[in-house]
Amino acid sequence: MEITLIQGDITEQAVDAVVNAANSSLMGGGGVDGAIHRRGGPAILEECRALRASRYADGLPTGQAVATTAGRLPARWVVHTVGPVYARSEDRSPLLASCHVESLKVADTLGAATVAFPAISTGVYGWPMDDAARIALTTVRQASTSVTEVRFVLYDAEAYAAFTRARDALG
Ligand code: AR6
């Protein structure tokens, strides 16, 4: 699997699936979630509502993932996952790793070969960027998946630099 790092906007990526850093309501929000719903249009929210009514009456649990259409985005699917809120008092990194593993599993089920990830949990959820980059890259490298390209789409220069440092440190 090829892992690429780019600085940019995930809603513009021409990949099979883009991963959304959602919340468990699946009803949208700020950050990446807001951008994906805004640019993808109402078809995404419609499928999210249907998922809430059927499989996820109590919301999508943290660390899990589920797919919908990508609406008007260039991608074909959105894989919604719920990152953990960062906490100093507790190590929630297995949940952050799980977001990546479960998103790739959903991508495999869809037959998606190329998948773009944002830096999950590093915005509203407060995870330090360097640590999130290490966890994301380590997890994706170890994942057993048919996905051929994972593209991390980092929104600003600082995030891109953190992921580059983490990749270099992993060798
Ligand atoms: N493309 C790529 N990355 C982006 C984009 C974009 N268009 N917009 C923001 N980022 P966040 P979280 C970066 O807050 O921390 C939402 O309200 C951003 O700079 O989107 O997992 C949800 O509904 C940051 O580095 O997600 C949840 O309630 C990273 O994406 C909550 O936020 C993640 O920031 C989830 O929080």
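Take the Cα of Thr4, step 7 Å toward its Cβ, do the same at Asp91, and the gap between the two points is 3.4 nm. Most simply put, the chain has about 20% antiparallel DSSP beta bridges, counting only bridges with both residues inside it.
Report relative contact order for the stretch 55-165 in percent, whole number only (criteria: Cα-Cα under 8 Å, sequence separation at least 6). Result for the stretch 55-165 is 25 percent.
Extension gain, Thr109 to Ala169, is 18.4 nm, computed as 0.36 nm per intervening residue step minus the present C-alpha separation. I need the trypsin sites (Lys or Arg not before Pro) found in the stretch 50-152, filtered to DSSP loop residues with at most 15 other beta carbons within 10 Å of theirs. Hits after loop and neighbour filter: Arg55, Arg72, Arg88. Taking the chain as a Gaussian network, where each spring joins two C-alpha atoms under 10 Å apart, which residue of Val150, Val19, Val140 fluctuates the most? Of Val150, Val19, Val140, the most mobile in the Gaussian network model is Val140. Taking the convex hull of the alpha carbon positions in the chain and averaging its projected area over all directions gives 8.8 nm². Exposure proxy ranking for Leu110, Leu170, Leu137, based on other Cβ atoms within 10 angstrom of each Cβ and starting from the fewest, stands as Leu170, Leu110, Leu137. Less than 5 angstrom separates the built amide H of Ala116 from those of Ala17, Val18, Val19, Arg151, all sequence-distant by 5 or more or on a different chain. About the centre of its Cα atoms, the stretch 2-170 shows a dipole size close to 240 debye [charges on the beta carbon of Lys, Arg (+1) and Asp, Glu (-1) only; nearest 20 debye].
FYI, it's all coordinate maths here, none of it is from the lab. As the structure is a prediction and not an experimental result, all values here were calculated from the model. Ideal geometry is used to build each Cβ from the backbone, glycine not excepted, and the neighbour counts take in all protein chains shown.
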